[in-house]
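What follows is a structure written as structure tokens; I'll ask about it next.
The values are calculated or read from the model by the stated rules, or taken from the named source; none is laboratory data. Computed from a predicted structure; not experimentally measured. Quick reminder, even Gly has a Cβ in these numbers, built from the backbone with ideal geometry, and neighbours come from all protein chains shown.
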Amino acid sequence: METNTKTVSEEKAITHDENHNIGNGGFLVSSCPPGTIFTREQLNEEQLEIGKVTYDFCQSKVEDCPHDLDKKPVGKDGIPVLVKLFREAAEQGLVSAAIPEEYDGLGMDLVTDMYVSENLCRFHSSFSVTCIAHLGIGTKPILLFGTEEQKKKYLPKLATGEYMGCYALTEPGSGSDALSGSTKAHLENDHYILNGSKQFITNGGWADVAIVFTRIEGKYSTLIVDLDLPGVSRGAEEKKMGIKGSSTTTLTFDNVKVPKENLLGKLGDAANIALNILNIGRLALGFAVQGGARTVINTTIKYIKERKQFGRSLAEFDMQLAKLSDMCVGLFGIESINFRTAAPIDDKINEQKSQGFSAESIIQAVRSFAMESSICKVEGSEELYHICENAVKMHGGYGYTSEYSVEREFRDCIINMIYEGTNDINRLVIFDFLIRTIYSGGIPYRVFTEEIQQALRTREFKYSYAGTFFEKEKASIHAAKYATAYLVEKAILRYGKDISNQQQVIEHVSDMLIHLYVVDSVIARCHYLKESGKYTEVEEAVAKVTTVDRLEKIRTLARRVIWDIAYEYDVDRSRDDLEWLLSHTEYNGNVFPLKRVIGQAVLEKEQYYL
């Protein structure tokens with residue numbers, strides 16, 4: 001097999017193929033996967049069935065709920081309607097997919113767990129966030145870091161919905177710097193005496209148990225706290241822009257006596273627990289917004305087909321068709337990166353565990369794709385924002401009223417860019433994990449940059465690819481990988497250890513990595529569809545529009561970055577080198593008819609179906 005430059009050996013070319021399922025930046029130093037990534041179309045019958053059960057439940061119980069969930073309605077028995085819906089979902093096993101069967105869960109793999117999350121998030125964000133917070137950050141810390149006694153005590157109740165869980169990390173004096181909290185506990189005989197306050201706690205008003213982060217003997221640690229203990233108090237519900245129906249409160253602890261056996265992990269384990277749980281949570285959020293985006297698109301399709309202006313339906317107007325196409329292309333990209341990320345994590349878990357459930361195998365597998373999980377979170381949340389924005393605009397004045405759900409969905413989607421680490425923080429995480437992986441030798445970055453330097457010296461760019469599908473797209477994307485890796489190397493050389501303080505550079509490079517991961521995954525997915533005979537002119541249009549849009553954005557970002565990272569005496573040569581690399585990313589075409597193909601296809605189907 002030929003490789004990217006004339007001087008690289010066949011052995012190095014083989015390395016590219018082996019990088020397809022390496023996380024934390026493996027996609028940057030490999031050729032576009034030849035249809036080998038996992039895609040939505042590969043879900044098996046069992047996964048599709050549990051997804052349908054989840055969807056049907058949410059449609060009948062949540063979408064058709066006779067109450068306005070945003071008003072936090074309460075039943076005649078005094079129990080909030082949303083809490084009742086949560087318990088009904090739990091009875092169906094919908095909040096316990098990842099919990100092993102020995103703790104009354106379903107024992108499903110990660111892909112299935114994520115697919116359930118997607119379908120839980122189809123109809124109302126207040127219900128969605130209640131369930132996702134419970135099954136993610138409210139339950140997984142015990143699942144992954146708890147002792148056997150802790151798991152036996154708490155997981156069955158969390159699995160069946162007898163208990164609702166929450167996660168108490170943020171404090172009034174800390175935001176993104178969450179591990180700087182001042183809540184404290186000290187050991188007295190057989191109990192830790194807990195004092196402090198936590199803020200913005202999802203499920204805070206309803207939860208039965210909390211994962212609480214606190215300082216013990218000067219070490220930031222974690223306790224499992226039953227919220228019916230004396231000394232626990234809950235603040236008033238926060239008045240929020242969106243997700244108004246969910247519970248968000250403060251939790252205050254005044255000399256709360258927590259049994260010493262409720263220490264989660266070891267003293268000083270808080271950072272390890274929090275960061276690893278966030279890695280999983282970010283991927284789960286990617287799938288959650290995927291579910292919400294699908295519903296927003298379907299709602300918009302129905303509206304523009306029915307709404308008439310100037311004697312014809314909105315669906316007949318070219319500009320509206322283009323907006324609808326943009327929404328569908330965006331969702332196709334979200335789906336592509338989400339499933340691509342989740343599947344190899346499952347593969348790693350299966351490789352690492354010898355028998356039965358292994359918490360450590362999950363932790364290490366998820367951590368190996370932490371960078372990609374952050375990409376899923378950032379791309380998913382921001383793309384959902386754009387989808388909701390278009391939906392409101394396409395609804396016109398009605399989109400600005402509570403008569404139509406897109407008004408609520410637009411408000412609700414903002415929070416996705418804030419929790420699980422703000423998107424600004426996640427951009428720093430994306431870059432940080434790439435640098436760590438480079439220095440640790442986790443990806444063959446040195447080999448890759450040697451290829452780039454050889455290409456620059458000889459001004460010869462050659463790219464061979466497995467198979468014959470999407471040759472031009474893959475070559476252009478690979479050139480964009482060259483350009484991105486070239487800028488990363490120059491940034492490291494320019495700033496050294498101070499690179500972590502160059503946040504504008506980091507932001508731009510992280511955005512380049514995000515666009516690369518999306519376009520790489522979309523083309524790989526379309527390759528699979530073409531190879532398996534499921535490919536149509538719609539997917540072809542999606543592939544081409546995605547390639548044009550993403551490579552155009554990468555070129556713009558790259559041209560801004562080079563001015564900052566090149567030394568003054570070398571800026572002209574550096575720009576020349578970059579422009580030569582970018583010249584091979586040129587992939588242009590008339591996207592207008594392509595968008596018409598996509599828009600017309602979903603209108604005929606009357607729903608997003610790609």
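Would you list the helices (runs of 4 or more DSSP H) that sit entirely within region 533-610 and hold 2 or more residues that are under 20 Å from ALA293 (Cβ atoms)? Give the derivation first.
Details: elements: 537-565, 571-583, 591-605.
Filter on region 533-610 gives 537-565, 591-605.
Would you be able to say whether some residue in region 576-592 is assigned by TED's automatic domain parsing to the domain that holds GLY26, crowded, with 16+ Cβ neighbours inside 10 Å and of a type in the set (D, E, K, R)?
Initially, region 576-592 is screened for residues assigned by TED's automatic domain parsing to the domain that holds GLY26, giving 576-592.
Narrowing further to those that are crowded, with 16+ Cβ neighbours inside 10 Å: 577-578, 580-582, 584-585, 587, 591.
Checking the rest, the ones that are also of a type in the set (D, E, K, R) come to 577.
Yes, the conditions are met somewhere in region 576-592.
Here's something else I'd like to know. Taking region 300-321, which residues are part of a helix (DSSP H, G or I) and within 16 Å of GLU606 (Cα to Cα)?
Start the filter on region 300-321 by keeping residues that are part of a helix (DSSP H, G or I), which leaves 300-306, 314-316, 318-321.
THR300, ILE301, LYS302, TYR303, ILE304, LYS305, GLU306, LEU314, ALA315, GLU316, GLN320, LEU321 - these are the residues of region 300-321 that are part of a helix (DSSP H, G or I) and within 16 Å of GLU606 (Cα to Cα).
Taking the condition of being buried (at least 21 other Cβ atoms within 10 Å of the Cβ) and either touching a Phe, Trp or Tyr at 6+ places or on another chain (Cβ under 7 Å) or among the acidic types (Asp, Glu) (or both), how many residues in region 197-209 meet it?
The number of residues fulfilling the criteria is 1.
In the list TYR398, TYR419, which residue meets the criterion of being in a helix (DSSP H, G or I), surrounded by fewer than 24 Cβ atoms within 10 Å (Cβ to Cβ) and hydroxyl-bearing (Ser, Thr, Tyr)?
On the way: TYR419 fails: in a helix (DSSP H, G or I).
Matching residue, one of TYR398, TYR419: TYR398.
How many residues are within 21 Å of ARG294 (Cβ to Cβ), surrounded by 14 or more Cβ atoms within 10 Å (Cβ to Cβ) and not charged (D, E, K, R) when one looks only at region 58-85?
So the answer is 6.
Tell me which residues, restricted to region 54-86, are within 19 Å of GLU409 (Cα to Cα) and basic (Lys, Arg).
Scanning region 54-86 gives LYS61, LYS71, LYS72.
Per-residue answers, yes or no, for (1) assigned by TED's automatic domain parsing to the domain that holds ASN338; (2) of a type in the set (S, T, N, Q); (3) farther than 21 Å from HIS584 by Cα:
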position	(1), (2), (3)
THR468	no, yes, no
TYR482	no, no, no
ALA491	no, no, yes
GLY496	no, no, yes
LEU513	no, no, no
TYR517	no, no, no
VAL545	no, no, no
ARG555	no, no, no
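Here's the yes/no breakdown for (1) closer than 17 Å to GLN290 by Cβ; (2) surrounded by 21 or more Cβ atoms within 10 Å (Cβ to Cβ); (3) touching a strand residue (DSSP E or B) at 6+ places or on another chain (Cβ under 7 Å):
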| position | (1), (2), (3) |
| --- | --- |
| ILE304 | no, yes, yes |
| GLN309 | no, no, no |
| GLU316 | no, no, no |
| MET327 | yes, yes, no |
| GLU335 | yes, yes, no |
| THR341 | yes, yes, no |
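List pairs: first residue in region 102-127 and under 17 Å from ALA342 (Cα atoms), second residue β-branched (Val, Ile, Thr) anywhere in the structure, Cβ distance under 7 angstrom, at least six positions apart or on different chains.
LEU110/ILE345; LEU110/ILE349; THR112/ILE50; VAL116/ILE50; VAL116/THR54; SER117/ILE132; ASN119/THR54
Here is a check on your reading of the model: is ILE132 aliphatic (A, V, I, L, M), in contact (Cβ under 8 Å) with a residue 24 or more places away in the chain, assigned to a helix (DSSP H, G or I) and not assigned by TED's automatic domain parsing to the domain that holds VAL406? Steps first, answer last, please.
Values: aliphatic (A, V, I, L, M): yes; in contact (Cβ under 8 Å) with a residue 24 or more places away in the chain: yes; assigned to a helix (DSSP H, G or I): yes; not assigned by TED's automatic domain parsing to the domain that holds VAL406: yes.
Against the criterion (aliphatic (A, V, I, L, M), in contact (Cβ under 8 Å) with a residue 24 or more places away in the chain, assigned to a helix (DSSP H, G or I) and not assigned by TED's automatic domain parsing to the domain that holds VAL406), ILE132 qualifies.
For GLY78, all conditions in the list (1) in contact (Cβ under 8 Å) with a residue 12 or more places away in the chain; (2) over 15 Å from SER125 (Cβ atoms); (3) not aromatic (Phe, Trp, Tyr) hold save one; what is the number of the exception?
(1)
Could you tell me whether LEU267 is under 17 Å from THR214 (Cα atoms) and either touching a residue at least 60 places away in the same chain (Cβ under 8 Å) or touching a Pro at 6+ places or on another chain (Cβ under 8 Å) (or both)? Before the answer, list the steps.
Values: under 17 Å from THR214 (Cα atoms): yes; either touching a residue at least 60 places away in the same chain (Cβ under 8 Å) or touching a Pro at 6+ places or on another chain (Cβ under 8 Å) (or both): no.
So LEU267 fails the test.
Also, quick follow-up: Find the helices (runs of 4 or more DSSP H) located wholly in region 1-101 whose residues include 1 or more that are modelled with pLDDT under 90 and of a type in the set (A, V, I, L, M, F, W, C), and list them.
On the way: elements: 10-18, 45-57, 81-91.
Per the criteria, 10-18.
Pairs please, first residue from region 376-389 and in the same structural domain as VAL329 (by TED's automatic domain parsing), second anywhere and surrounded by fewer than 24 Cβ atoms within 10 Å (Cβ to Cβ) and at pLDDT below 95, Cβ atoms under 8 Å, 6+ apart in sequence or on different chains.
LYS377/GLY421
I would also like to ask the following. Take the residues of region 163-174 that are surrounded by fewer than 22 Cβ atoms within 10 Å (Cβ to Cβ) and in contact (Cβ under 8 Å) with a residue 12 or more places away in the chain: which is farthest from THR249 (Cα to Cα)? Reasoning before the result, please.
First pass over region 163-174, keeping only residues surrounded by fewer than 22 Cβ atoms within 10 Å (Cβ to Cβ): 163, 170-174.
In the following step, the residues that additionally are in contact (Cβ under 8 Å) with a residue 12 or more places away in the chain were identified as 163, 170-172.
Details: TYR163: 18, THR170: 11, GLU171: 11, PRO172: 12 Å.
My answer is TYR163.
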